[in-house]
Amino acid sequence: MTDSRDSMDSAVSNPPEVSNPAQVSNPPEVSNPAQVSNPAQVSNPAQVSNPPEVSNPAEVSNPPEIREPAHAPLAHVVRGGIIEGVHHGSVVVLAADGSVQFQAGDIEAAFYPRSALKPLQAVGLLRAGLPPLDDEALALAAASHSGDERHLATARRMLATAGLTDDALRNVPDLPYGPAERDEWLRRGLGPTRLTQNCSGKHAAMVLTTLARGWRPDTYLDPDHPLQREIAATVEDLTGQRIARVTVDGCGAPLFAVSLHGLTRAAARLGTAAPDTHEGRVAHAMRTHPEMVSGADRDTARLVRAVPGLLAKDGFEGVQIAALPDGRAVGVKIADGADRARMPVTAAALARCGVDPDVLADFAATPVIGGGAPVGALRAAGALSMPASPMHAPVSAPASTSPSLSPSTSNSNSPSISAS
């Protein structure tokens with residue numbers, strides 16, 4: 001899935017050839033972003049590169065190490081009382097003071113957050129001068145939307161504020177991400193478009209910011225474009241660490257490698273931010289319009305509705321972040337990218353944050369089906385599944401915000417595991 005998500009790699013053209021990282025020279029130092037007026041000289045955007053130098057690097061730590069992550073077993077697929085499969089990965093749980101309360105696997109290795117990076121990118125766009133948007137549109141700027149009519153209408157409305165159409169977007173054309181939305185789109189005889197691609201809200205916001213700053217809009221996806229350099233500086237500020245590597249995401253936008261620990265720190269920053277800050281504005285929009293961030297029936301949207309004050313975003317390749325208003329936060333990366341393990345592991349991590357397990361019950365397992373009936377389940381395993389004392393007074397959801405979900409529909413992105 002593309003988060004929710006950026007387009008699946010199969011929907012993207014052949015990947016660009018990656019240059020030898022060892023041959024990449026040191027990046028140039030970035031001047032004060034506020035002083036940038038003319039667009040940067042465009043380099044070859046197809047090349048993977050080291051990140052640009054940002055202003056005041058003393059405020060962030062060294063980049064995470066690029067290495068093979070030492071993932072740990074996080075989830076078991078159990079059929080008929082026997083472990084049929086094991087999903088490895090890494091998970092971190094932060095306490096309200098920012099300390100690591102629990103960890104499994106490798107939370108410090110460099111990795112790509114995929115679309116879980118979008119909330120940070122949205123903050124970067126606001127810092128860079130994104131024109132005023134209402135909460136629905138700002139939520140879509142941080143979204144991996146399903147492509148329903150509300151999503152498409154909001155993206156069109158964003159572009160129309162500058163007299164633009166989806167021709168101004170440079171993302172990869174794709175069908176709607178949501179299965180129902182995709183089926184309806186195909187039934188109407190329609191094909192892939194830039195607007196229906198699940199990252200179109202982010203790209204629309206990038207175009208609007210570029211125009212507001214007087215930068216070249218046709219090259220806004222180049223890593224050396226001043227817009228992307230300002231976003232990179234925001235990512236480093238929020239994660240508290242230098243970016244380890246820059247590549248290209250499925251939608252065509254630059255993608256920054258950080259650590260799972262750093263990404264989760266950033267989620268906590270957004271989760272605790274004051275309402276009048278850029279971080280607080282993004283968090284408020286995402287909390288109040290989770291259906292715009294993904295889709296009404298997507299698991300992350302339902303999780304946000306179930307847990308009061310939760311901020312959450314998923315990403316392709318099994319990535320999830322979630323943060324509570326007091327700073328408690330979790331970050332998850334499933335090693336093999338299997339989306340079916342993402343939410344059960346996230347639910348177990350949130351339980352360690354003090355969230356009421358009853359509220360999380362509908363997210364904690366995916367049924368394993370045999371002969372049309374449940375014969376087992378996929379759920380968190382190992383140390384993550386062991387009971388632990390809550391870090392804080394438990395968070396419980398009001399009855400009106402915790403919908404009753406049957407196990408077979410508890411995770412719309414992780415369907416029941418069939419017998420075949």
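The values are calculated or read from the model by the stated rules, or taken from the named source; none is laboratory data. Every value quoted in this text rests on a predicted model; they were computed, and no experiment measured them. We place every Cβ from the backbone using ideal geometry, glycine too, and count neighbours over all the protein chains shown. Ligands, DNA and RNA are stripped out before the accessible areas are found, and what is left, the full protein with its side chains, is counted by its heavy atoms. Shrake-Rupley method; radii C 1.70, N 1.55, O 1.52, S 1.80 Å.
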Hits in the range 99-153 (condition: among the hydroxyl-bearing types (Ser, Thr, Tyr) and within 20 Å of the chain's Cα centre (by Cα)): TYR112, SER115, SER144, SER146
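Every residue, every condition in (1) within 28 Å of PRO69 (Cβ to Cβ); (2) assigned to a strand (DSSP E or B), yes or no:
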| position | (1), (2) |
| --- | --- |
| LEU255 | yes, yes |
| PRO275 | no, no |
| ARG281 | no, no |
| GLU291 | no, no |
| ALA301 | no, no |
| ASP314 | yes, yes |
| ILE321 | yes, yes |
| ARG342 | yes, no |
| ALA349 | yes, no |
Counting just the residues of the range 284-311 that are open to solvent by 10 Å² or more (accessible area, probe 1.4 Å) and among the small types (Gly, Ala, Ser), which one comes out modelled with the lowest pLDDT? ALA296
Evaluate the following for THR264: is it among the hydroxyl-bearing types (Ser, Thr, Tyr) and open to solvent by 10 Å² or more (accessible area, probe 1.4 Å)? no
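One line per residue, one yes/no per condition, for (1) under 21 Å from GLU317 (Cβ atoms); (2) in a strand (DSSP E or B); (3) not β-branched (Val, Ile, Thr):
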{"site": "GLU65", "(1), (2), (3)": "yes, no, yes"}
{"site": "ALA70", "(1), (2), (3)": "yes, no, yes"}
{"site": "PRO73", "(1), (2), (3)": "yes, yes, yes"}
{"site": "HIS76", "(1), (2), (3)": "yes, yes, yes"}
{"site": "VAL86", "(1), (2), (3)": "yes, yes, no"}
{"site": "GLY89", "(1), (2), (3)": "yes, yes, yes"}
{"site": "VAL92", "(1), (2), (3)": "yes, yes, no"}
{"site": "GLY98", "(1), (2), (3)": "no, no, yes"}
Mind checking whether some residue in the range 170-179 is within 27 Å of LYS333 (Cα to Cα), assigned to a helix (DSSP H, G or I) and open to solvent by 30 Å² or more (accessible area, probe 1.4 Å)? yes
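So which residues in the range 154-166 are over 22 Å from the mean Cα position of the chain (by Cα), in contact (Cβ under 8 Å) with a residue 12 or more places away in the chain and in a helix (DSSP H, G or I)?
ARG156, ARG157, LEU159, ASP166
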Identify, please: which residue in the range 56-108 is in contact with an Asp or Glu (Cβ under 6 Å, 6 or more places away or on another chain) and among the aliphatic types (A, V, I, L, M) and is, among those, surrounded by the most Cβ atoms within 10 Å (Cβ to Cβ)? VAL77
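Looking only at residues in the range 243-257 that are of a type in the set (A, V, I, L, M) and closer than 20 Å to ALA168 by Cα, which one is most open to solvent (accessible area, probe 1.4 Å)?
VAL248
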